[in-house]
Amino acid sequence: MLGGGGLAAVNVYATASEGSTEGPTRNAQALASGAATIDCPDVGSQLTAVPDGARTEVDNELSVLDKQIAEAYQRLQSSEKAIEQDSNFADSSIMNPLKEKRAATIERILIAIDRVGDRPEGLEAFAPCVLRASGNNEDAQGGEQDGEQGEESQAPGDQSQAPGEQSQAPGGGDQGGAQPGNGGQAGNGPVAADFVDIKSVQPNVQNPQGGDNASTGSFATSCGVNANGVFNSDNVIVAPGVTNGAHHFHDYVGNQDNDAFASDEDLAGADTTCENKGDKSSYFWPVLRLQNGADEKDANSPGGAIEGNAGEIITPKQVTMKFVGSPSGDVAEMPKLLRIITGDAKAFVNGPANANASWSCTGLEDRQLKDKYPLCPQGSDVVRTFKFQSCWDGRNIDSANHRTHVAFADAAGNCAGGFKAIPQLVQRIVYDVDAPSIQDGGKTTPLFAVDSFPENLHKPITDHGDFINVFEEDLMKEMVECINGGRNCGAGAGAGGGGGGGGEEPGDEPDPDPTATETPDAPDDGDNGGDNGGNGGNGGDDDGADNGGDDGADNGGNGGGDDETPDPATSAPQATEPAGGNGGNDNGDDGADNGNGDKPTTEPKSDPSPSAAETDAAAGGSGDDVDTAVPGPEPTDANDASAAGESGSLAETGTQLWPAAAGGVLVILGFVLLRRIRAGAE
């Protein structure tokens, strides 16, 4: 009886303890799904106040944390056979060593801060990481979904991810982590589920209404398309002094002296690709690559193919940058060397709180995607839009986490108390890239994807943009006077107007592209629309952006001119910018923007498939996996109930508790035997 009771008690206790150890349990379930990524809490986001005397050391240690994750992810990818042979291999040889390395690095961060200021509390709890099902495998995906957020996954305020609509991914069900053909050539994405037919997306762009005091002008700057190929995998904002601090490659336009070691003096004295030489600002973003099997110059370099960023780098066809005003009043001058990052390069594992990606197609920019790449129709080009923060704290040009010194305006375009409105940078990058052949994994027409940190798997939600203001003071003053005066100025201003930026905070309802919802004129309308009309540039040149002939969508024109003109009934007019004309570049730039494109007749199709929320539950993961706002003993999963607590069936539970059942039988037999002995004695 004593032995049976003890066996039952020990087994029940052990089973309960095992269920409460969420890290290893979740890791095992992620590995069982067939594909996993490493999900670590973002330490940098917690460091909102770092003393200046510790800033350099802290930045270096944060870069070490990124390097540790990248190395662990690479080992995870290369250890498939070892993991199959030993289910504990991932924990013992990858995750536990990673936790120990992170703990040591976090301690160095705490010591550096404690040396010159107050030691942060609770940061030690951010050392553990977990494996999360990525969705980049056949069973979890089935050619459908990639494990990202469902309706939570909209671009700030848009409605692009309503369940059951454009969250589906077209294509067949055989798109695993390493797809057939050339898709996902580095083995970690993209996958079929990362793409969606833009025509299946409902118009979702909204703009705040401009008040009577709105600053309605705009200032354009034209800085080329990086045709001269300035790339590196550094990030002087996030990881100054650290080579390969980004672990992915960036396109650079404007300032030509931007690398990890560029000082403020270097930036101020550098050459610029901008037409107006008073703009030496640095504009950079992750490169877009074709997954076509080609070896780029960085094929064997850190940040390149050895970290999963493989394929041919695509030079943008057009880059337009415009600074717009505020719906609520005048804007103030930006301070020189102000740094702004929009979006989150780690949004796939961090969750969408800071995500600000906007993907669309020319002629259909009233439909914006946040966690999908668009499949554009014939004659339409892929568009990435970055709309930067438009409120500044009035004091700092940067902050410890590179976010708290700037902010998005609220839904009405107002800045929070203590913040002031500044010109809002709206950056639009156009690519002449064909819709990939999803059905055969990109074998016929290759997939495309942005570079990313290795563990973020090239997900579109990780798109982001960086800006360092190096405008000469007189030119910045001219910009502000122009915007506040309701005029349209700058290189390539031409047509197009209007400001009314603001309203961008994630979770509110901003417009990912202030020019996206213009109602197009009829295809044969010869007017050059927009606030001021006119062609706005040298239409006969190759690249309208370089010669002032911005795309019609940015200049009040049609902006698409493809073989399908959106129905004005479904393209809501923009509140702060009048509808444009037909674009005006009839003999210039590209056929796709003017209806003269000769793209292949690939017609993307969408197959019905589960929403992100449904397939995420099946995959055992969530795009909003880690809530780093409050330190805790383990990163918490939004779907812990399904990811860890509800994974076992009744039969599985019975298997785990068989020793307890055996103990119970022994207790009963002992009791019966005891009764018989006592009866015999009597």
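Distances between placed amide hydrogens fall under 5 Å for Y252 paired with V230, all partners being 5 or more residues away or on another chain.
Treating r as the C-beta distance of R115 and E473 and R0 as 30 Å, the FRET efficiency rounds to 0.25.
A simple rule links phi to the HN-Hα coupling: the Karplus curve 6.51 cos²θ - 1.76 cosθ + 1.60 with θ = phi - 60°, which for segment 441-449 gives x, x, 5, 6, 10, x, 6, 9, 6 Hz, with x for Gly and Pro.
Which of the peptides 373-381, 401-409 is most tightly packed, and how do the rest follow, going by the mean number of other Cβ atoms within 10 Å of each residue? All intermediate terms of the calculation are to be shown ahead of the outcome.
Values: 373-381: 25.1, 401-409: 21.2.
Ranking, from highest mean packing down: 373-381, 401-409.
In this structure segment 244-339 gives 31 Å² per residue of accessible area when probed at 1.4 Å with all protein chains present. Averaging the Cα positions of each part gives two centres, and for segment 35-110 and segment 343-371 these lie 26 Å apart.
Using R0 = 25 Å, the C-beta based FRET efficiency linking A294 and D271 works out to 0.25. For T444 and N88, a Förster radius of 45 Å and the Cβ-Cβ distance give a FRET efficiency of 0.60, rounded to the nearest 0.05. The value given for segment 310-371 is a Kirkwood hydrodynamic radius of 15.5 Å, derived from the mean inverse Cα-Cα separation. Of D91, D86, the residue with the largest accessible area leads and the full order is D86, D91 (1.4 Å probe). Overall, the accessible surface of segment 398-473 at a probe of 1.4 angstrom is composed of carbon and sulfur to the extent of 48 percent. Each Lys or Arg adds one and each Asp or Glu subtracts one; over the other residues with Cβ under 13 Å from the Cβ of L475, this totals -4.
For segment 669-680, the Karplus equation 6.51 cos²θ - 1.76 cosθ + 1.60, evaluated at θ = phi - 60°, returns couplings of 4, x, 5, 4, 4, 4, 4, 5, 4, 5, 5, x Hz by residue, with Gly and Pro reported as x.
Max-minus-min Cα coordinates of segment 284-408 on each principal axis give 49, 36, 27 Å, with the largest extent listed first.
Hull volume per residue, based on the alpha-carbon atoms of segment 335-454 and their convex hull, is 143 Å³. Of the residues W392, W285, ranked by 1.4 Å probe accessible area with the largest first, the sequence reads W392, W285. Shape descriptor for segment 188-254: Rg over Rh equals 1.12 (Cα atoms; Rh from the Kirkwood inverse mean 1/r). When all protein chains stay in place and ligands, DNA and RNA are ignored, the 1.4 Å accessible-area order of L669, L65, largest first, is L669, L65. Protein heavy-atom surface of segment 321-378, 1.4 angstrom probe: 42% of the accessible area is carbon and sulfur, with nucleic acids and ligands not counted.
Measuring spread by the Cα atoms of segment 386-425 yields a radius of gyration and Dmax of 9.6, 28 Å. In this structure segment 422-476 gives 20 Å² per residue of accessible area when probed at 1.4 Å with all protein chains present. Note that segment 184-225 presents 28 Å² accessible area per residue, ligands and nucleic acids not counted, probe 1.4 Å. Computed with a 1.4 Å probe on the full set of protein chains, the accessible area for M95 sits at about 10 Å².
Derived from the Cα gyration tensor, the three semi-axes of the equivalent ellipsoid of segment 227-338 are 28, 17, 13 Å, largest first.
The values are calculated or read from the model by the stated rules, or taken from the named source; none is laboratory data. What you are looking at is a predicted structure, and each value in this text was computed from that prediction instead of being measured. Backbone-built Cβ (ideal geometry, glycine too); neighbour counts: all protein chains shown. The accessibility values were calculated without ligands, DNA or RNA, using every heavy atom of the protein model including side chains. Shrake-Rupley method; radii C 1.70, N 1.55, O 1.52, S 1.80 Å.
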